[in-house]
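Below is one structure; the comments refer to it alone.
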Amino acid sequence: MPCPAGTDTTLEIAIVNAAGPTPAGADATFPGGDEPDPLRELSPELADFLMVYKFGLDEISTKVTILKEELAFRSTSSPIEHISPRLKTPASIVAKARRIDCPLVFDELRAQMRDIAGIRIICGFVSDVYTVAEMLTRQRDVRLLQIKDYVAEPKTNGYRSLHLIVEIPVFLSDRVAPVPVEVQLRTVAMDFWASLEHKIYYKYDHDVPAHLHDELAAAAQDALRLDQRMELLYREVRGLGPETSGLAAEVSAQLRDRLR
Ligand code: 0O2
């Protein structure tokens, strides 16, 4: 959606005003049921900008929910424990735009920020993370744009998750909009660690004391070991043998092929 010429200042004001006092780290989970629609509270320009991301998120959420339910139906348990979609709040968009030096202009935000719509998929086991990533990106209308495999290569603080940026077409009344969505896949143990680390990070305003930093790094190692033990147990119960790294490497290679 092109940004009408000469309206950049208006758009910047719309975003900054809407950012309001919401903490930049707190993103909105999108409502269902009877909750009020937060888009209605925003200026028409900003609501229009965010609406397409909400629809993209709806599309991906539906796909993941279908996978979750189908796999649960076909087996005794689903590899997907739960999913949590979220749309970045205006405050979070503004904070990130400032951090990456992106002008507060809709066209620039569209081009530079691909995590405005995001979904977290929590799985039981590490192998499930890769299985679900493969199932989702194999779908014809899902285009894989980027992979960051922090499971294979954890961040220095111990953070582990598989991050994908996928693009999904959203069919509007007058056009088809390709919408990027960030998909974060992780195990329950990875999620437990990341949630706590995120809380501590914001509590100390990004300046975590050294001893907590070390404790978090040690806890990340514990979470990694727990994932490895649970994977072994799971494979033994299923009669699959102890080899676990093969699937991850194989799926990772398949995912990278899909980028080409
Ligand atoms: P939110 O509210 O979770 O969306 P950037 O987005 O610029 O920070 P980049 O390279 O675009 O970084 O994205 P990357 O590395 O794929 O990770 C972005 C998101 O992954 C973060 O989003 C977090 O959700 C999660 N993440 C990445 N690293 C860490 C970490 O060390 N600890 C925790 N707890 N989460 C992490 P946002 O934007 O921070 O916020």
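Numbers for the structure displayed
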item: Inter-label distance, nm, simple model (7 Å from Cα along the C-beta direction), residue 146/residue 174; result: 3.0
item: Sorted by Cβ neighbour density within 10 Å, fewest at the top, the residues 247, 233, 46; result: 233, 247, 46
item: Sorted by Cβ density within 10 Å, fewest first, the residues 203, 148; result: 203, 148
item: Residue-wise HN-Hα coupling along the stretch 79-93, computed from phi with Karplus coefficients 6.51, -1.76, 1.60 (Hz; x: Gly, Pro); result: x, 9, 7, 7, 10, 9, x, 8, 10, 4, 6, x, 4, 5, 5
item: Taking 49, 171, 55 and counting other C-beta atoms within 10 Å, the order from fewest to most; result: 171, 55, 49
item: Shape category assigned to the stretch 120-260 from the gyration tensor of Cα positions, a/c cut at 1.5; result: oblate
item: 20 Å Cα-Cα reach of residue 148 towards lysines, excluding residues that sit fewer than 8 places from it in its own chain; result: 88, 96
item: Protection-proxy order for peptides 177-184, 56-63, 120-127, each taking the mean of Cβ atoms within 10 Å per residue, highest first; result: 120-127, 177-184, 56-63
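Only the coordinates and a few stated rules stand behind these numbers; no lab work does. Please read all numbers here as calculations on a predicted model, not as lab measurements. Cβ atoms come from the backbone with ideal geometry, glycine included; neighbour counts cover every protein chain shown.
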